[in-house]
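Remarks on the structure that follows.
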Amino acid sequence: MKFKLIYPKWNKLPGQTTFNLPPHGPVVFAATLPEYVEVSFTDENVDVIDFDEDCDFVGISMMLSTQVKRGWEIATKFRENGKQVIFGGISTMLHAEETMQYADSIFLGEAEGRMEEVLSDWRTGKLKKVYNFMTDHPSIELVGPARRDLYKRDLYNHKGVQMVDLFHASRGCRFSCYPCAVSYLGGRKFRPRPVHKAIEELETIENNRLFIVDNSLAQDKKWEEDLFRAMIPLKKQWISHTIDDDPKILDLAAQAGAWYVYQAVFDTSDYIKERIKRYHDYGIGVEGTILLGLDNQTEDDILRLIDFLLEIDLDLAEFTVLSPFPHTKAYDDLVRQNRIFDHDWNHYNAGQVVYHPKNMTAERLQELYDYAWESFYKDESQEEKMFKLFTKVMLREMENGTYIPRNRNLANKTFGKDVVRNINNSDN
Amino acid sequence: MQTSFNNIDEIFEFKGLWDIHSKCGLKIHKKDNKYIVLVSELYQDNPGTSVTQASCSLAKQICDAFQIPMNEIIYIEHNPGMNSKLSFYNEEFYMVEFEILENEFVNPKWTQLSKEQINFFLT
């Protein structure tokens with residue numbers, strides 16, 4: 001049986017450095033398919049979909065709200081060609097009702113241990129319109145190594161440098177943060193993978209550089225310590241979201257190869273400044289994530305926050321405007337107050353204002369968002385700051401003997417395309 | 001069985017989107033021939049759909065469970081305060097007005113209530 005698995009493309013934010021990372025959701029899903037299924041995977045961000053490819057059943061995996069409209073278009077084309085299409089992934093869960101209009105079936109929830117049933121229904125012509133396992137999570141023990149063999153590796157390479165591999169060590173989240181839907185999607189209970197299972201998967205990943213995509217590793221200190229301790233011998237270098245602000249954990253994280261972490265910067269307090277310093281004290285870099293447009297922010301607050309970022313020693317900063325994703329408190333609040341004016345999911349990219357902020361106009365918030373990016377990267381560009389972090393990781397790898405030089409054969413390629421060089425050929 | 005509406009104060013279990021098991025706080029009392037229905041969001045203690053996302057369906061499920069005529073409810077959503085310094089976790093109350101179409105609630109419209117207004121309804 002031939003299963004065509006597709007990850008739709010989306011429009012990248014203008015003016016920012018674009019890196020195409022190998023997507024995680026589709027290959028985690030592919031690992032749940034029975035062995036008799038032959039999977040062919042296309043990530044449309046780096047490759048072209050062949051709508052005439054020989055296949056029996058089509059799966060569309062979507063992570064972002066900005067993918068859903070393209071996902072619906074792709075499904076429509078395949079269905080016109082007589083193929084049945086099933087949707088899954090995070091944004092299928094967030095946009096389930098609409099997605100159902102373009103699907104033969106939608107799968108809600110986590111796929112481990114469920115796909116034999118779905119495929120059996122498909123084979124016998126009894127495919128259900130909805131497979132709903134939203135609150136019936138499979139045992140976390142069932143989560144196995146992702147099918148990274150499906151990647152066309154050369155397409156995730158920029159001028160000979162392989163992009164990081166994505167990996168997850170847990171699911172669910174015990175926090176219910178204002179703009180976040182993770183607790184709705186993965187449940188409000190933190191479900192860490194057994195450390196030996198996580199390590200078993202890490203050992204299968206050839207890439208030494210990883211992005212641990214878990215929402216927050218800081219949810220169970222004992223597990224976090226055990227995980228980091230077990231990771232030390234692997235000599236991986238990794239990026240992650242927040243880790244616990246605890247000297248013992250920071251020390252273990254550093255030994256385990258913490259490269260840099262994403263840390264929310266939500267005010268101008270000494271707490272934030274000191275927290276960033278503590279990461280740095282352990283040799284861990286920090287990319288600040290700054291959410292603009294919350295109801296408690298005035299224009300002055302945002303301007304002060306931008307100034308503060310320039311004072312503290314952040315390695316990188318990522319600015320976003322509030323995107324009211326469905327199934328978040330932010331969405332509920334704005335719906336009740338009738339403040340959402342743009343319902344085009346392509347605009348829910350965390351860079352475009354789609355609602356009326358409380359303390360300024362939407363246009364002014366958009367200007368402040370642009371100003372924040374420009375101000376932070378005025379003296380040193382995003383590429384330059386990234387290069388500094390990259391140099392740091394290369395030096396570490398050289399020290400611990402894991403450094404792999406860039407692939408010279410791909411030096412003129414960026415994500416599968418030829419590098420365009422702006423060479424001045426004038427005779428002057 | 002006739003319910004005494006001055007003592008409904010419970011955790012109400014309901015079917016959220018896709019029949020997801022969901023929970024909210026529920027208080028009902030009768031005032032001037034209307035049923036004042038107060039649903040409270042439980043945040044982390046609600047395993048499923050929020051009261052706002054489920055508003056039409058939740059209101060109908062409450063009417064069905066307590067045999068309340070659909071045109072006799074005053075329906076109020078309550079977002080409890082979260083003891084946070086962030087203003088969007090302050091306590092808020094919204095009256096939700098629905099249209100009734102083919103025995104279903106549709107087209108919800110929310111109006112925020114002041115403390116005086118909520119006191120009027122709840123006392």
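When A:THR92, A:THR42 are arranged by Cβ crowding within 10 Å, least crowded first, meaning fewest neighbours, the order is A:THR42, A:THR92.
Spin-label pair B:LEU101-A:ARG278: with each label point 7 Å from Cα along the Cα-Cβ axis, the two points sit 5.3 nm from one another. Remark: spin-label model distance B:ILE11-B:TYR43 equals 1.6 nm, labels positioned 7 Å along the Cα→Cβ axis. Taking every alpha-carbon pair under 8 Å whose residues sit at least 6 apart, the range A:2-140 reaches a relative contact order of 24 percent. With the cut-off at 1.5 for a/c, could you classify the range A:76-127 from its C-alpha gyration tensor as rounded, prolate or oblate? Judged from the Cα gyration tensor, the range A:76-127 comes out oblate (a/c at least 1.5, b/c at or above a/b).
Rounded, prolate or oblate: pick one for the range A:290-428, where a ≥ b ≥ c are the square roots of the eigenvalues of its C-alpha gyration tensor, a/c under 1.5 means rounded, and failing that, prolate if a/b is larger than b/c, else oblate.
Numbers: a/c = 2.05, a/b = 1.91, b/c = 1.07.
The shape class here is prolate.
Compute the distance from the alpha-carbon center of the range A:344-364 to that of the range A:182-211, in whole Å. The two parts, judged by their Cα centres, are 33 Å apart. Counting only DSSP beta bridges with both residues in the range A:141-400, the antiparallel share comes to about 20 percent.
Applying a 4.7 Å cutoff between beta carbons, the unpaired cysteines of chain A are A:CYS55, A:CYS173. Listed peptides A:148-156, A:383-391, A:312-320 appear in the order A:312-320, A:148-156, A:383-391 once ranked by packing, highest mean of other Cβ atoms within 10 Å at the front.
Can you tell me, using C-alpha contacts under 8 Å and at least 6 residues apart, the relative contact order of chain A as a whole percent?
On the way: 738 pairs, mean separation 63.3, N = 428.
For chain A, the relative contact order is 15 percent.
Rounded, prolate or oblate, given the Cα gyration tensor of the range B:8-122, with a/c below 1.5 counting as rounded?
Numbers: a/c = 1.61, a/b = 1.15, b/c = 1.40.
Oblate, since a/c reaches 1.5 and b/c is not below a/b.
Inter-part distance, the range B:50-102 to the range A:368-413, computed on C-alpha centroids, equals 50 Å. Model label points for A:VAL213 and A:ARG229, set 7 angstrom from Cα along the Cα-to-Cβ axis, are 2.9 nm apart.
If packing is taken as the average number of other Cβ atoms within 10 Å across a peptide's residues, how do A:353-362, B:94-103 rank, most packed first?
Working: A:353-362: 18.7, B:94-103: 13.9.
Ranked by mean Cβ neighbours within 10 Å, highest first: A:353-362, B:94-103.
For chain B, what's the relative contact order in percent, using C-alpha pairs closer than 8 Å and at least 6 residues apart? Mind showing how you got there, number by number?
On the way: 225 pairs, mean separation 23.0, N = 123.
Relative contact order for chain B comes out at 19 percent.
Measure out, as a whole number of angstrom, how far apart the alpha-carbon centroids of the range A:1-69 and the range B:18-43 sit. If you average the Cα positions of each part, the centres end up 42 Å apart. Residue by residue along A:174-180, Cβ atoms of other protein chains within 10 Å of the local Cβ number 2 on average.
Taking a point 7 Å out from the Cα of A:LEU310 in the direction of its Cβ, none of the residues of the range A:263-287 has a backbone N less than 14 Å from it.
Using the Cα atoms as the points, what is the convex hull volume per residue of the protein assembly as shown in Å³? Write out the running numbers ahead of the final one.
Values: hull volume 105.8 nm³, N = 551.
Measuring per residue, one finds 192 Å³ for the Cα hull of the protein assembly as shown.
The aspartates and glutamates whose alpha-carbon is closer than 13 Å to the alpha-carbon of A:LYS388, local same-chain residues fewer than 8 away aside, are A:GLU287, A:ASP315, A:GLU380. Peptides B:36-44, A:102-110, A:302-310, A:265-273 ranked from most to least packed, by the mean per-residue count of other Cβ atoms within 10 Å: A:102-110, B:36-44, A:302-310, A:265-273.
Checked against a 28 Å cut-off, the cross-linked pairs A:LYS83/A:LYS417; A:LYS9/A:LYS129; A:LYS12/A:LYS385; A:LYS277/A:LYS329 give Cα-Cα distances beyond that limit for A:LYS83/A:LYS417; A:LYS277/A:LYS329. Computed extension gain for A:GLU363 through A:ASP52, at 0.36 nm per residue and net of the alpha carbon distance, reaches 107.6 nm.
Per-residue Cβ counts within 10 Å, from other chains only, averaged over B:42-55: what number is that? Don't jump to the answer; show the numbers that get you there.
Details: counts 0, 4, 7, 2, 4, 7, 4, 3, 6, 1, 6, 7, 0, 3.
The shielding value for this peptide is 4.
Placing +1 on the Cβ of every Lys and Arg and -1 on the Cβ of every Asp and Glu, with no other charges, gives the range A:317-410 a dipole of roughly 280 debye about its Cα centre.
Rule-based calculations on the coordinates, nothing more; no lab input. Here the structure is a predicted model, which means the values were calculated and not measured. Cβ sites come from the backbone with ideal geometry, for glycine too, and all protein chains shown count toward neighbours.
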